[in-house]
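Asks: One structure, as structure tokens, below. Some questions next.
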Amino acid sequence: MNDWSEAEQRVERAHEFFELGRWDDAESELRSALSFNPYQAEWHFNLGLTLDAAARFEEAAGAFKRAHELDPENTQAVYLEGACLVRAGRYERAIGRLDEAWAQDNTLVDALVYKIEALTALGRHDDAEETFYLAQQADAGHADLYAAMAESLMERGLHDKAVWCLREAARLNPDLSRVEARLASAYVQTGRHERARQLYLRELRRDPGDIDTLLDLGDLLLEMNRVLEAREKYNRALELEPDNADAHAALGELFVRADAISDAIVEFGLVVRLDPGDDRSARRLASLLIRRGTEDDLARARRLIEAEMRRFKREDAGQDETALHELGCLLLDAGRPAEAARVFDRYTQRAESDPVGWHHLAVARFESGAIADGLTAARRALRLDPRSVPAMHNLAVAHIRQGQIARARFWIRQAMAVDRDDPAIRRLRSVLVLYAARRGAVVMARFAVATARFFWGVLTRPTRRPST
């Protein structure tokens, strides 16, 4: 048997393995065939399909690129390269390849669908909308086009328009992947929870094993305060996929809501083991361990916090605002205000208009003894939110610590004007009343002592006898 015949046989076996879903075996056979003849565009194209099916998208894009280099007329190769780059998160590169595919074939609307996805991920929503209208001119009945545009609309908060797009997509293709679930998600954002619940159920009737839909429905039921039903959906997802980290995290949040802290710790502990890169769950676990507060819990929480702080120091550019805010709150809970102040200082540099962030920075600075810096942060929080009772409370406390009672009384009055029933302000007012009473008693006592001394001095003053 010559090399060419053996290569052909390997390609045939690769087809068989592909049909059976044995991606690794199919890849092995195709690579062996290409080792005999690396200039077969069709074989590179098949390798790309195999790697795409195995969810190795960036490698698949490379195989499609090579196929297109060997056969520049193969528009499908350049289109699929762009599609795989979108799935791999390489959006800028993907747009160029998708534009090239569209230039080669103006009927290839799928290329524009993927381009809309890439533009949406990059936040270029105006360009996504322009691409949508261009694609509509080529094929106004393309269901995926409307579904892709709906994601851009959802990102911009245009939920009613997103609902229209998804309804149109469902009308054009009722079998479109998860179209009912995506429409349900849009309805959730518009507050139509019951309608969303019905759509999720309809999606599950069509595909009972759809874990993403089960989790989304569970989240909705929890929001609707139908806790038992939500728990049943999460448990059903875990029956189908016991190692699903998202399902364990959702169940953990449900246990937190039910104040079942030990059960929540078990679930988030599983999440951290299943997905060590889930920093949010690691922070959640540390917070719950501190809340339960046994000696072992606190030691475990310290280890998790140290790992988060190493990441904070190492990955400045990679941490988003949410992660920084959660880490700062965790450090406050752990009694580490100086470190919390550093985290919140970085957070407020990125989210300058968030009054809550400035408030937490003030708390961290007050607790670490930096009263003057804490006052500055609290005043900034109050400028951003003039009705922030917590900020007024902290200003009053800081002024009391500095002995500036008149200023403290001013902020208490301001807070009472916003919310007379706030328990923290009522307690602080009581403290100030007691302080004033004690100070008044001290003044009265001092006055009484001074008066007694005066009369005692008068009564006991020696007199001089008149000379005779």
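Just so it is clear, none of the values below were taken in a lab; they were calculated from the coordinates. Keep in mind that what you see is a predicted model, and the values were worked out from it rather than measured. FYI the Cβ positions are ideal-geometry reconstructions off the backbone, even for glycines, and counts take in every protein chain you see.
Asks: Per residue of the stretch 376-383, in order, report the coupling 6.51 cos²θ - 1.76 cosθ + 1.60 (Karplus, θ = phi - 60°) as ³J(HN,Hα) in whole Hz, putting x for Gly and Pro.
Replies: 4, 5, 5, 5, 5, 4, 6, 5
Asks: Right, another one. What ranking do TYR347, TYR79 get, fewest neighbouring Cβ atoms within 10 angstrom at the top?
Replies: Values: TYR347 26, TYR79 23.
Exposure proxy ranking, most exposed first: TYR79, TYR347.
Asks: Normalised by the number of residues in the chain, what is the relative contact order in percent for Cα pairs under 8 Å and 6+ residues apart?
Replies: Details: 569 pairs, mean separation 19.6, N = 468.
Over the chain, the number comes to 4 percent.
Asks: Another question, then. Using θ = phi - 60° and the Karplus form 6.51 cos²θ - 1.76 cosθ + 1.60, what ³J(HN,Hα) does each residue of the stretch 321-326 get, whole Hz, x for Gly and Pro?
Replies: In residue order, the calculated couplings are 5, 4, 4, 5, 5, 5 Hz.
Asks: Further question: Across 10 Å bins from 0, what is the distribution of all Cα-Cα pair distances for the stretch 293-434, in whole percents?
Replies: Histogramming the stretch 293-434 at 10 Å steps yields 12, 36, 31, 17, 4 percent.
Asks: Length gain on complete extension for the stretch ARG314 to LEU274, per 0.36 nm per residue less the alpha carbon to alpha carbon distance? Please list the in-between numbers first.
Replies: Numbers: separation 40, 0.36 × 40 = 14.40 nm, distance 2.32 nm.
Between ARG314 and LEU274, full extension yields an extra 12.1 nm.
Asks: What does the charge count near PRO38 come to, summing +1 for each Lys or Arg and -1 for each Asp or Glu among other residues with Cβ under 11 Å from its Cβ? Walk me through the numbers on the way to the answer.
Replies: Working: positive: ARG31, ARG66; negative: none.
Combined, the nearby Lys, Arg, Asp and Glu give +2.
Asks: With labels modelled as points extended 7 Å from the Cα through the Cβ direction, what inter-label distance (nm, one decimal) is found for ARG302 paired with GLU42?
Replies: Going from the ARG302 label point to the GLU42 one covers 6.7 nm.
Asks: When N is the residue count of the stretch 134-292, what does its C-alpha Rg come to as a fraction of 2.2 N^0.38 Å? It would help to have the intermediate numbers written out before the result.
Replies: Working: Rg = 17.8 Å, N = 159, 2.2 N^0.38 = 15.1 Å.
My calculation over the Cα atoms of the stretch 134-292 gives 1.18.
Asks: Can you give the convex hull volume of the alpha carbon atoms of the stretch 210-312 per residue, in Å³?
Replies: Details: hull volume 9.6 nm³, N = 103.
Normalising the Cα hull of the stretch 210-312 by residue number yields 93 Å³.
Asks: Where Lys and Arg each count +1 and Asp and Glu each count -1, what net charge lies around PRO355 among other residues with Cβ under 13 Å from its Cβ? Don't skip to the end; give the middle numbers.
Replies: Details: positive: ARG379, ARG380, ARG383, ARG387; negative: GLU352, ASP354, ASP385.
Local net charge: +1.
Asks: So for the pair GLU155, ASP385, with labels modelled 7 Å out along Cα→Cβ, what separation do we get in nm?
Replies: The two pseudo-label positions are separated by 2.8 nm.
Asks: Can you give me the P(r) profile for the stretch 1-146? Cα pairs, bins 10 angstrom wide beginning at 0, each as a whole percent.
Replies: P(r) over the stretch 1-146, rounded to whole percents: 13, 36, 30, 16, 5, 1.
Asks: Against the longest principal axis of the chain, how steep is helix 159-172, in degrees 0 to 90 to the nearest 10, with axes from Cα atoms?
Replies: The two axes meet at around 20 degrees.
Asks: Continuing with this model, one more query. Which value does Rg/Rh take for the chain over its C-alpha atoms, Rh per Kirkwood?
Replies: Working: Rg = 33.5 Å, Rh = 28.1 Å.
Rounded to two decimals, Rg over Rh is 1.19.
Asks: With r defined as the distance between the Cβ atoms of ARG409 and ARG195 and R0 fixed at 51 Å, what FRET efficiency is calculated, to the nearest 0.05? Don't skip to the end; give the middle numbers.
Replies: Numbers: r = 52 Å, r/R0 = 1.02.
Efficiency at R0 = 51 Å is approximately 0.45.
Asks: Another question, if that's okay. So what's the net charge close to ASP110: Lys and Arg +1, Asp and Glu -1, counting the other residues with Cβ under 12 Å from its Cβ? Show your work: numbers first, answer last.
Replies: Details: positive: LYS115; negative: ASP105, GLU117, ASP139, ASP144.
Value of the local net charge: -3.
Asks: Compute the angle between helix 355-367 and the longest alpha-carbon principal axis of the chain, please, reported from 0 to 90 degrees and rounded to the nearest 10.
Replies: Result, in degrees: 50.
Asks: Show me the ranking of peptides 401-413, 25-37 by mean Cβ neighbours inside 10 Å, starting with the highest. Don't skip to the end; give the middle numbers.
Replies: Numbers: 401-413: 15.2, 25-37: 19.2.
The most tightly packed comes first, giving 25-37, 401-413.
Asks: Can you give the Rg to Rh ratio of the stretch 1-60, both from alpha-carbon atoms, with Rh computed by the Kirkwood formula? Can you show the working numbers first?
Replies: Working: Rg = 10.8 Å, Rh = 11.2 Å.
Ratio of gyration radius to Kirkwood radius: 0.96.
Asks: To the nearest 10 degrees, how steep is helix 57-70 against the longest Cα principal axis of the chain, on a 0 to 90 scale?
Replies: Between the helix axis and the principal axis of the chain, the angle is about 40 degrees.
Asks: How much FRET efficiency would the formula 1/(1 + (r/R0)^6) give for SER32 and GLU73, where r is the Cβ-Cβ distance and R0 is 25 Å, rounded to 0.05? Don't jump to the answer; show the numbers that get you there.
Replies: Details: r = 27 Å, r/R0 = 1.07.
After rounding to 0.05, the efficiency reads 0.40.
Asks: A follow-up question, please. How long, wide and thick is the stretch 104-221, going by the Cα atoms along their three principal axes, in whole angstroms, largest first?
Replies: On the principal axes, the stretch 104-221 reaches 45, 26, 20 Å in Cα extent.
Asks: Starting from the alpha-carbon convex hull of the stretch 54-136, give the projected area averaged over all orientations, in nm².
Replies: Result: a mean projected hull area of 4.9 nm².
Asks: How large are Rg and Dmax for the stretch 75-114 when only the alpha carbon atoms are used, in Å?
Replies: When restricted to the Cα atoms of the stretch 75-114, Rg and Dmax are 8.6, 25 Å.
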